[in-house]
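The values are calculated or read from the model by the stated rules, or taken from the named source; none is laboratory data. What you are looking at is a predicted structure, and each value in this text was computed from that prediction instead of being measured. As a convention, Cβ positions derive from the backbone with ideal geometry for all residues, glycine included, and neighbour counts pool all protein chains shown.
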Amino acid sequence: MKKEQYIEILTKYLDGKANAVEENFLFAYYNLFMADADVMEILSDEEKLKLKLSIKATIDHNIDEPVAEESVVEEPVVLEESLVKRRTLWPRIAAAAAVLLIVGLSIFFYTSSRHLEGSAVTGDLSANDIEPGSNKAYLILSNGKRLSLTDAANGAIAKEAGVEITKTADGRVIYSTRHPEGGTTEGPVSGRSLPGVEMTAMNTIETPKGGQYQIRLPDGSKVWLNAASKLIYPVTFIGRGQREVTLSGEAYFEIAKDKQHPFKVKSTGQVVEVLGTHFNVNSYADEPATKTTLLEGSVAVRHVEGSAATRDLSYRRDGAKDRDDVVLKPGQQATLQASKIKVTVVNPDDAIAWKNGEFVFNDEPLQNIMRKIARWYDVDIIYKDINPNKPFGGSVSRFENISKVLEKLELTGSVHFKIEGKTIYVTK
């Protein structure tokens, strides 16, 4: 089919003179060019442009190719309802559609070979659906009292060592120190003590599987906790000289600037030191590596032997550098594995996609993806006759029911799922 023929069909449609076959052709072109609405909604502007250009190139290629000799029509083509003339058009449409379907679906989830290996869903996953996680967490006070933040009413929920703890309507916990002369302290750490404030008191906030939460620490720093995570921190940083917290699991930090009092995040095998910056730490016990991703500012990452929670991790101030010390720039990620730190350039937005309500996978092994799904939906995963290291990629909302996430993965044709209670079976 020639480009002139396509333009003629389009002109007829705009003039209201196109027949049913011609209209169907144009509708197919439009739908394929724009792709699925759900696809377009989650794509960035750059990804949308790439998709459109890819689809346009494929259609242009099919339009440019000459029709087989036996079906060439000498006169300008005016498509009628006859079977013969349909044959000259629809094979080209079918060929374009087959290629473009692959292009469109690969934007969602694709295997390492970048093509579909089969068709979609094996059964109705929604029959045993599981809802996504939500704002759920527990606050453990210094006296051991455990408070469910999910059940607690908004407003003041506790007063700990002279510090007021408040739960907000949008699901956050805020610490503020009340001065004897009135008012509260939130922000940079003062080096002095305040009457009635216990400097050694520690609190813990932890999220279960299927939970997430946000906390504003006494210095004004903000922390977002992912599912199955725990943060241990002082009730107040006042009088401590430095700000220090301990993390297990995953959290995104926006640290309040205070050059006089460095902020340290301890996790298994490493410590991260900052003055004021935005970064993400992924340090789950069941992950093969600890990953620290910098979005803004500068952080130093240092490997330490043993558990960071039980060691003195004071940084050297003499300017000397350990071979296990790295300083990250925005857009870099430090991966600690087997006692070594490797620095790579990444898209930092991918590291905090969870915070923004998305799953984003870039050529990740299936078992890595399923660990994330297991934490967020609070499910167990069982593999049956499938390679759990097969890489997948794509993006989907974390606020969909689990069936929608699994169905998107099934679009690749290389993996299938079955839901039984709180267990997900993964098969070929």
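List of remarks:
- Restricting the range 403-416 to residues that are hydrophobic (A, V, I, L, M, F, W, C) and surrounded by 22 or more Cβ atoms within 10 Å (Cβ to Cβ) leaves a set whose member that is farthest from residue 227 (Cα to Cα) is 415.
- Here is the figure for the range 120-168: residues that are modelled with pLDDT of 85 or more and assigned to a loop (DSSP other than H, G, I, E, B) total 19.
- When restricted to residues that are buried (at least 19 other Cβ atoms within 10 Å of the Cβ) and assigned to a loop (DSSP other than H, G, I, E, B), the range 354-377 contains 1.
- Listed by position, the strands (runs of 3 or more DSSP E) inside the range 225-268 whose residues that are within 18 Å of residue 172 (Cβ to Cβ) and at pLDDT 95 or above number at least 1 are 230-234, 243-254.
- Restricting the first member to the range 379-396 and to residues that are aliphatic (A, V, I, L, M), and the second to residues that are part of a loop (DSSP other than H, G, I, E, B), the beta-carbon pairs closer than 6 Å and six or more apart or on different chains are 379/422; 386/428.
- With respect to the stated conditions, residue 399 is out of contact with any Asp or Glu (no Cβ under 6 Å at 6 or more places or on another chain), exposed (fewer than 15 other Cβ atoms within 10 Å of the Cβ) and not assigned by TED's automatic domain parsing to the domain that holds residue 295.
- Within the range 133-151, the set of residues being surrounded by fewer than 17 Cβ atoms within 10 Å (Cβ to Cβ) and under 32 Å from the mean Cα position of the chain (by Cα) comprises 134, 135, 140, 146, 148, 150, 151.
- Total residues in the range 274-289, condition modelled with pLDDT under 95 and crowded, with 21+ Cβ neighbours inside 10 Å: 1
- Checking each residue in the range 406-417 for being in contact with a Ser or Thr (Cβ under 8 Å, 6 or more places away or on another chain) and closer than 14 Å to residue 374 by Cα picks out only 417.
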